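Here is the structure we will look at.
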Amino acid sequence: MTSTARDHDEPIVIVDGGDKACGELLLVLARRLRPLPPGSVIRLVATDPAAPLDLPAWCHLTGHRYLARGLGADERPYYDVQTTASPHLTKATDPWRLNTPPEATSHSKETRP
């Protein structure tokens, strides 16, 4: 289901997260964002009380843009997120953790003659 954003010409992809806890919401959101082109807007509808804190933090972590939050006509909260061209990738099963390559986390030891 799509609708047109007030401040954007492109359609908004609506994802109903229902009453899922934030970990599950991030799994749903991350999965849905991956195939979308940069600049796409997702409206995540979610009733989890932690969502207003966790979603902006997740956007900061991943580089996606947190746009707004509001109440829909059905009085359920929603959160708008815009995809970025070069997101920081997260682990598929742990979208709250960055997917860093092993060489980025290993410490090289300097050797001296």
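The values are calculated or read from the model by the stated rules, or taken from the named source; none is laboratory data. Just so you know, these numbers come straight off a predicted model, no measurement behind them. We place every Cβ from the backbone using ideal geometry, glycine too, and count neighbours over all the protein chains shown. Note: accessible area is taken over every heavy atom of the protein model, side chains too, but ligands, DNA and RNA are not part of it. Shrake-Rupley method; radii C 1.70, N 1.55, O 1.52, S 1.80 Å.
Summary table below
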{"read-out": "Any pair with Cβ under 7 angstrom, 6 or more apart, that starts in region 31-42 at a residue that is on the phi > 0 side of the Ramachandran plot and ends at one that is open to solvent by less than 20 Å² (accessible area, probe 1.4 Å)", "value": "Gly39/Thr83"}
{"read-out": "Some residue of region 72-81 being out of contact with any Phe, Trp or Tyr (no Cβ under 6 Å at 6 or more places or on another chain), modelled with pLDDT under 95 and open to solvent by less than 40 Å² (accessible area, probe 1.4 Å)", "value": "no"}
{"read-out": "Hits in region 34-63 (condition: within 10 Å of the chain's Cα centre (by Cα), surrounded by 17 or more Cβ atoms within 10 Å (Cβ to Cβ) and closer than 16 Å to Tyr78 by Cα)", "value": "Ile42, Leu44, Asp54, Leu55, Trp58, Cys59"}
{"read-out": "Residue that is nearest to Leu67 (Cα to Cα) [pool: residues in region 14-45 that are touching a helix residue (DSSP H, G or I) at 6+ places or on another chain (Cβ under 9 Å) and modelled with pLDDT of 95 or more]", "value": "Ile42"}
{"read-out": "Verdict on Thr84 being open to solvent by 50 Å² or more (accessible area, probe 1.4 Å), over 9 Å from the mean Cα position of the chain (by Cα) and polar (S, T, N, Q)", "value": "no"}
{"read-out": "Counted residues, region 43-53 - those being without any contact (Cβ under 8 Å) to a residue 12 or more places away in the chain and among the hydrophobic types (A, V, I, L, M, F, W, C)", "value": "1"}
{"read-out": "Tally, over region 14-33, of residues that are under 20 Å from Asp74 (Cα atoms) and open to solvent by 40 Å² or more (accessible area, probe 1.4 Å)", "value": "5"}
{"read-out": "Positions within region 43-75 being farther than 15 Å from Pro87 by Cβ and among the hydroxyl-bearing types (Ser, Thr, Tyr), in sequence order", "value": "Thr47"}
